[in-house]
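S.K.: Below are the structure tokens for one structure; questions will follow.
FYI, it's all coordinate maths here, none of it is from the lab. Note that the structure is a prediction, hence the values are computed from the model and not measured. When we count neighbours, we look across all protein chains shown, and the Cβ atoms used for this are built from the backbone with ideal geometry, even at glycine.
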Amino acid sequence: MLANWKLREVVVLSVLAVVFGVIYLLFLQIGNVLVGMFGLIGYDLIFGIWFIVSIIAAYIIRKPGAAVLSETIAATIEVMLGNAVGPRLILAGIIQGLGAEAAFAATKWKNYSTWVLVAAGMGSSITSFIWGYFLGGFAALSPGYVTAMFFVRLASGAILAGLLGKYISDSLAKTGALNSFPLGKEARKAKQNDDISA
Amino acid sequence: MLLNKMNPSIKALSILVSILLLSIFFDPVTPLLSFVLTIAITFILGKISFKNWILLFSPFLFMAIVYVWSSLMFPRVDPGDSIIWEWWFITITAEGFQRSISLGLRVLSFASLSLLFALTTNPINFLLSLMQQCRLSPKIAYSIMAGYQFLPLIKDEFEIIRSAHRIRGAGRTETFLDKIKQIKKYAIPLLASGIRKAERTAIAMESKGFTGDRNREFYKEISVSKRDWLLLCLLIFIVLVSAFTSHKLGYLTLYKGEL
């Protein structure tokens with residue numbers, strides 16, 4: 001899988017994962033506050049934020065494996081920073097990343113339009129929910145509540161991972177930092193076309 | 001046999017296997033027993049401070065309480081469950097109560113296993129071990145290490161941006177919307193400079209001859225010994241003994257794939 005990845009891309013992917021690994025840990029605190037207020041569904045409200053690096057990395061680098069690799073590395077970083085959830089977080093990261101990757105794979109890693117990014121966020125929601133259902137023992141909860149949790153998480157994945165991820169990546173492209181990446185090139189081309197037509 | 005000196009990859013594997021095994025059981029006794037036994041193992045075989053353990057453990061206690069009250073508020077009610085308490089929309093059945101308690105205990109037993117790993121493992125050794133034992137590509141492993149070293153730099157840069165904002169009077173936020181916009185003002189420059197630094201780091205690595213080839217030597221070799229596999233057996237044994245005791249007491253319940 002890594003054969004046609006340049007070292008530059010792998011390091012950039014890792015740095016993105018490091019930054020978002022820290023953000024993920026911060027959001028765990030926010031999640032704990034929400035959970036205190038709303039019960040278990042509190043996590044689902046912001047669950048999408050925990051998939052965002054998959055969307056950003058895949059959208060910027062546009063290579064097979066970007067989504068699953070970035071999410072796995074972000075989880076590894078969380079473990080390295082001393083998050084007490086431990087190695088099981090890495091497994092969760094792989095599973096979340098695979099959900100997003102599935103959406104990109106379905107387009108053969110060619111289409112990175114908004115709806116694909118949203119679908120990728122929702123893909124992570126689905127795989128992470130199945131994993132959480134098994135590990136968290138959601139079977140003890142009432143089916144109505146579990147269904148509500150699922151749909152809230154699906155929406156959260158679509159908005160907080162898909163749409164927010166696209167927004168952040170596009171803002172980054174405007175700074176010029178991504179000029180050597182597909183997204184940066186695309187943004188520059190769009191700008192040139194605008195200039196010409198103006 | 002000191003936990004701090006064991007092979008990190010095998011330790012991680014042992015914990016994952018035990019967690020997966022534990023999630024099959026749906027009764028309160030199995031997780032409770034393995035929780036107690038895991039803590040015993042942690043303190044007998046590991047060199048860790050009790051204070052740190054409590055500090056990291058307390059959020060899990062909170063999470064366990066959330067699990068219990070969520071499943072008490074919104075329990076699965078199967079036909080034939082005996083109702084012990086009913087008030088407004090809340091119905092508590094004997095079976096539901098037992099399931100809630102076992103969910104809470106499950107969180108605690110997972111936590112004790114995770115802490116066993118988190119408090120006895122050096123992060124860099126963990127990466128080295130993943131590379132040497134689990135065939136993680138050096139390209140990825142050293143990239144992660146490079147990124148990991150960026151964290152203090154990113155923190156410094158955050159301070160610089162904050163000072164720059166302050167000196168220009170741009171740091172004030174009053175409304176909630178301002179605060180959201182404020183996040184973007186920090187996040188985008190930090191990410192942009194992180195990406196630029198990453199590209200420079202990659203060039204530096206390549207110019208010093210880093211190819212990412214798997215056939216390489218390591219300054220620090222991480223080895224696997226029989227003791228590491230013994231830990232795996234020990235942790236699995238803990239779960240099985242707990243489940244067996246639970247069975248003897250007549251509590252054992254397996255997850256039957258209910259949806």
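S.K.: Evaluate the Kirkwood expression for the hydrodynamic radius of segment B:150-259, namely the inverse of the mean inverse distance over all pairs of different C-alpha atoms, and round to one decimal in Å. Walk me through the numbers on the way to the answer.
M.R.: Values: mean 1/r = 0.0480 Å⁻¹.
Taking the inverse mean of 1/r over all distinct Cα pairs, segment B:150-259 comes out at 20.9 Å.
S.K.: A follow-up question, please. Based on alpha-carbon atoms only, what is the radius of gyration of the protein assembly as shown relative to the globular estimate 2.2 N^0.38 Å? Provide the component values of the computation, followed by the final result.
M.R.: Details: Rg = 23.5 Å, N = 457, 2.2 N^0.38 = 22.6 Å.
Rg over 2.2 N^0.38 Å, computed on Cα atoms: 1.04.
S.K.: Here's a follow-up. Averaged across B:48-61, how many Cβ atoms of other chains sit within 10 Å of each residue's Cβ atom?
M.R.: On the way: counts 0, 0, 0, 0, 1, 1, 0, 1, 4, 1, 1, 5, 2, 0.
Counting other chains' Cβ atoms within 10 Å and averaging over B:48-61 gives 1.
S.K.: Follow-up. Which of B:Tyr251, B:Phe218, B:Phe25 sits closest to the plus end of the dipole of chain B, meaning its Cα is farthest towards the positive end, when Lys and Arg get +1 and Asp and Glu get -1 on the C-beta?
M.R.: Of B:Tyr251, B:Phe218, B:Phe25, it is B:Phe218.
S.K.: Tally Lys and Arg at +1 and Asp and Glu at -1 over the other residues with C-beta under 13 Å from the C-beta of B:Tyr251: what net charge comes out?
M.R.: Details: positive: B:Arg99, B:Lys248; negative: B:Asp27, B:Glu95.
Once all neighbours under 13 Å are counted, the net charge is 0.
S.K.: A further question follows. Give the relative contact order (percent, whole number) for segment A:7-197; include only Cα pairs under 8 Å separated by 6+ residues. Display every interim value, and only then the final one.
M.R.: Numbers: 286 pairs, mean separation 47.7, N = 191.
Relative contact order here is 25 percent.
S.K.: How well do other chains shield peptide B:198-207, expressed as the mean number of their Cβ atoms within 10 Å of each residue Cβ?
M.R.: Numbers: counts 11, 10, 2, 6, 9, 3, 1, 4, 4, 0.
Other-chain Cβ atoms within 10 Å of each residue's Cβ, averaged: 5.
S.K.: Around B:Ser137, under 14 Å between beta carbons, what's the net of Lys plus Arg minus Asp minus Glu among the other residues? Don't jump to the answer; show the numbers that get you there.
M.R.: On the way: positive: A:Lys6, B:Arg135, B:Lys139, B:Arg214, B:Arg216; negative: A:Glu9, B:Asp213.
Net local charge, B:Ser137 excluded: +3.
S.K.: Continuing with this model, one more query. List the DSSP H helices in chain B whose Cα atoms stretch 18 Å or more along the helix axis and whose mean Kyte-Doolittle hydropathy is at least 1.6. Can you show the working numbers first?
M.R.: Values: long enough: B:8-22 (21 Å, 2.04); B:29-45 (24 Å, 2.35); B:50-73 (34 Å, 1.45); B:94-118 (36 Å, 0.98); B:138-167 (43 Å, 0.19); B:176-207 (47 Å, -0.02); B:226-248 (32 Å, 1.21).
The answer, listed by residue number, is B:8-22, B:29-45.
S.K.: Within segment B:30-58, name every residue whose backbone N is under 20 Å away from a label modeled 7 Å from Cα of B:Thr245 along the Cβ vector.
M.R.: Within reach of a label on B:Thr245: B:30-46.
S.K.: Run through segment B:9-105 and list the chymotrypsin sites (Phe, Trp or Tyr not before Pro) located in a DSSP loop whose Cβ has at most 10 other Cβ atoms within 10 Å. Mind dumping the intermediate values first?
M.R.: Numbers: sites: B:Phe25, B:Phe26, B:Phe35, B:Phe43, B:Phe50, B:Trp53, B:Phe57, B:Phe60, B:Phe62, B:Tyr67, B:Trp69, B:Trp85, B:Trp87, B:Trp88, B:Phe89, B:Phe97; in loops: B:Phe26, B:Trp88, B:Phe89.
When the chymotrypsin sites (Phe, Trp or Tyr not before Pro) of segment B:9-105 are filtered for loop state and at most 10 Cβ neighbours within 10 Å, B:Trp88, B:Phe89 remain.
S.K.: Among A:Leu117, A:Met80, A:Val22, which residue has its Cα positioned farthest towards the positive end of the charge dipole of segment A:1-119, with +1 placed on the Cβ of Lys and Arg, -1 on the Cβ of Asp and Glu, and the dipole taken about the Cα centre?
M.R.: Highest projection toward the positive end goes to A:Leu117.
S.K.: Calculate the spin-label point distance for B:Ser49 paired with B:Val36, positioning each point 7 Å from the Cα along the beta-carbon direction, and give it in nanometres.
M.R.: Here the answer is 2.9 nm between the modelled labels.
S.K.: Are there any helices in chain A, counted as whole DSSP H runs, that stretch 20 Å or more along their axis by Cα and score at least -1.0 on average by Kyte-Doolittle, and if so which? If you can, show how the numbers build up before the last one.
M.R.: Values: long enough: A:7-38 (44 Å, 2.10); A:66-80 (21 Å, 1.41); A:88-106 (27 Å, 1.36); A:114-136 (32 Å, 1.20); A:182-197 (23 Å, -1.54).
Within chain A the helices that satisfy the rule are A:7-38, A:66-80, A:88-106, A:114-136.
S.K.: Could you work out how far the C-alpha centroid of segment B:208-259 sits from that of segment B:143-197, in angstrom?
M.R.: 39
S.K.: Round to the nearest 0.05 the FRET efficiency obtained for B:Arg135 and A:Lys189 when R0 = 30 Å and r is the Cβ-Cβ distance. Before the final figure, lay out the partial values.
M.R.: On the way: r = 40 Å, r/R0 = 1.32.
Between B:Arg135 and A:Lys189 the formula returns 0.15.
S.K.: Using a 7 Å offset from the Cα along the Cα-to-Cβ direction at both B:Asn125 and A:Ala148, what is the distance between the two label points in nm, to one decimal?
M.R.: 4.7
S.K.: How much mean residue ellipticity at 222 nm does chain A get from its helices, if each DSSP H run of length 4 or more adds -39500 (n - 2.57) and you divide by all residues, to the nearest 500 deg cm²/dmol?
M.R.: My calculation for chain A gives -24500 deg cm²/dmol from helical runs alone.
S.K.: Next up: If you place +1 on the Cβ of every Lys and Arg and -1 on the Cβ of every Asp and Glu, how big does the dipole about the Cα centre of segment B:15-162 come out, in debye to the nearest 20? Could you put the intermediate results ahead of the total?
M.R.: Numbers: 9 positive and 8 negative charges, 117 e Å.
About 560 debye.
S.K.: Per-residue ellipticity at 222 nm for chain B, helices alone: DSSP H runs ≥ 4 residues times -39500 (n - 2.57), over residue total, nearest 500 deg cm²/dmol?
M.R.: Numbers: 8 runs with 177 residues, N = 259.
Using -39500 (n - 2.57) per qualifying helix, the result is -24000 deg cm²/dmol.
S.K.: Could I ask something else about it? Testing the spin-label approximation: label points 7 Å from Cα along Cα→Cβ at A:Lys110 and B:Ala94. State their distance in nm.
M.R.: With each label placed 7 Å out from Cα toward Cβ, I get 6.3 nm.
S.K.: For every other residue with a beta carbon closer than 14 angstrom to the beta carbon of A:Gly132, add +1 if it is Lys or Arg and -1 if Asp or Glu, then tell me the sum. Don't skip to the end; give the middle numbers.
M.R.: Working: positive: A:Arg88, A:Arg153, B:Arg106; negative: A:Asp44.
Taking every other residue near A:Gly132 into account, the sum is +2.
S.K.: Normalized C-alpha radius of gyration of chain B, against 2.2 N^0.38 Å?
M.R.: 1.35
S.K.: So how many Å³ per residue does the convex hull of the Cα atoms of chain A work out to? Kindly include the intermediate steps, with their values, before the conclusion.
M.R.: Numbers: hull volume 25.9 nm³, N = 198.
Per-residue hull volume (Cα only) is 131 Å³.
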